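Colleague: Handing you a structure now.
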Amino acid sequence: GEVEREMTQAIPVLLEVEDKSTEHTCKWIATLAEHLSEERSLDIRLVYNQLSMEHKKQLLQLSGQRVKVVLYNIKKYTAKQRRTCKEILASLIFSEYEKVVCLDTGWCVEDDISKIYDLNMDDCLIRALRDNEKETEQKKDIYLAGITGMNTAVSVINVQLWTQKLISEQVQGLLNDTKYEKYNEQEILNIACMKQRAFIEEAFQVFVYE
């Protein structure tokens, strides 16, 4: 089946935040909580490079009975790399979980995020949205004929399998390799996870692009 039978109480979510996006992120987290099933809670970890003390306080005040918000300064990690991606950060920060939801906040929440989190991962490293045909056509040098690209603006990472197969090391190696400079982070993930990925099908999508 598509959905796991045993549901996990807390849903881990990783978001990137910066000063200029703080107000939007606060509203977005509140909307995420509004749509959440009563029996579930959110473990939200916000990663940042630079954030003012005022905005840190504002974000931490979102914590409550069903929402926990924690801030992570990733400057020490990112300073060592030419570039990185949120999926690598998620595998490090949420190592105690079996899986984690990684999100961009440019999406409008329309339903319960549990629908995505509870999807079976099986032997998949990552589940993500589908690229549209135009995006896939633009990246035809990456994909084999007929292979659709994945859009990692909304994704679920299989943390345990990801760690076991050393995917972070593989992806970070490609991101640091000057031969792959023309590819963005999403494209690098497509290359690294091509054989062990799945899509979040339309019936389970709870976000609409704003």
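Colleague: When you count, for each residue, the other Cβ atoms within 10 Å and take the mean per peptide, how do 168-175, 88-95 rank with the highest first?
Modeller: Top of the packing list down: 88-95, 168-175.
Colleague: Using R₀ = 30 Å, calculate the FRET efficiency as 1/(1 + (r/R₀)^6) where r is the Cβ-Cβ separation of residue 35 and residue 70; round to 0.05.
Modeller: Working from the Cβ atoms, E equals 0.90.
Colleague: With +1 on each Lys and Arg Cβ and -1 on each Asp and Glu Cβ, and nothing else charged, work out how big the dipole of the chain is about its Cα centre, in Debye to the nearest 20.
Modeller: Its charge dipole is roughly 920 debye.
Colleague: Okay, next question. Working out 0.36 nm times the residue gap between residue 202 and residue 23, then minus their Cα-Cα distance, what length gain in nm do you get to one decimal?
Modeller: Going from the current span to full extension adds 61.6 nm.
Colleague: Indicate, rounded to the nearest 5 percent, the antiparallel portion of the DSSP beta bridges found entirely in the chain.
Modeller: Looking only at bridges with both residues in the chain, the antiparallel portion is about 40 percent.
Colleague: Scan [x] 40; [y] 20; [z] 57 for the value of percent of Cα pairs over 30 Å apart calculated from this model and give just the label.
Modeller: Given [x] 40; [y] 20; [z] 57, the structure-derived one carries the label [y].
Colleague: Leaving ligands, DNA and RNA out of it, work out the accessible area of residue 57 with a 1.4 Å probe and give it in Å² to the nearest 10.
Modeller: About 120 Å², rounded to the nearest 10.
The values are calculated or read from the model by the stated rules, or taken from the named source; none is laboratory data. All values reported here derive from a predicted model rather than from experimental measurement. We place every Cβ from the backbone using ideal geometry, glycine too, and count neighbours over all the protein chains shown. Note: areas computed on protein heavy atoms with side chains; ligands, DNA, RNA excluded. Shrake-Rupley method; radii C 1.70, N 1.55, O 1.52, S 1.80 Å.
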